[in-house]
Amino acid sequence: MALVADDFQSRWWNLEKKLMDRFGKKPDVEAILFLIGLQETGLSQEKISKEQKQDLMHVAICTILTSSGYYLVEGKDQEGWPHFKQLQNLPVMNMIEQEAFLKDHILLYFDNNQF
C-alpha cells in the first residue's frame with residue numbers, strides 16, 4: 001500500500017513541478033482546478049469575477065469526475081460553457097480524503113490530456 005501512496009505522491013509532485021515551471025509558482029489544488037476550468041471553457045479574459053472563478057472550479061470538478069461516472073456532459077450553452085448532469089452522489093469523505101480524491105482525478109485528467 002505504501003508503494004501506491006508513494007507513486008501517487010511522486011506523480012502529484014511531478015504535476016506540481018510541471019505547472020510551477022510553466023506558471024512560475026507552485027499551484028494548490030484550487031489553482032489547478034481553476035486552470036482546468038479555464039481549459040475546459042476556453043475563457044480568456046483579463047478580469048475574472050469571483051463568481052466566474054467559482055463557476056470555473058465547478059466546471060473543473062464536474063469535468064474531472066466524469067471519468068469515474070459521477071457526471072455526464074449534457075452539452076454547452078451559447079457562451080460555450082459545459083453543462084453537466086450528476087449521475088451519482090459523491091462518497092462521504094473527510095477533508096483529507098476529499099483532497100486525495102480530487103488529486104487522484106486531477107492526475108487522471110492530466111494523463112488523459114497528455115500534459
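Observations on the model:
- Only one of the listed residues (L35, L43) is under 16 Å from P82 (Cβ atoms), part of a loop (DSSP other than H, G, I, E, B), without any contact (Cβ under 8 Å) to a residue 40 or more places away in the chain and not acidic (D, E). That residue is L43.
- Residue match in the stretch 72-80 (condition: at pLDDT 95 or above and in a helix (DSSP H, G or I)): no
- Annotation for the stretch 49-72: no member residue is of a type in the set (F, W, Y), farther than 24 Å from D6 by Cα and touching a Pro at 6+ places or on another chain (Cβ under 9 Å).
- Residue within the stretch 59-67 that is of a type outside the set (V, I, T), at pLDDT 95 or above and over 15 Å from L108 (Cβ atoms) present: no
- For the stretch 7-32, a residue qualifies if it is of a type in the set (D, E, K, R), farther than 21 Å from S49 by Cβ and either in contact with a strand residue (DSSP E or B) (Cβ under 6 Å, 6 or more places away or on another chain) or not in a helix (DSSP H, G or I) (or both), and the qualifying residues are K25, K26.
The values are calculated or read from the model by the stated rules, or taken from the named source; none is laboratory data. Computed from a predicted structure; not experimentally measured. Note that we place each Cβ from the backbone using ideal geometry, even for glycine, and neighbour counts take in every protein chain shown.
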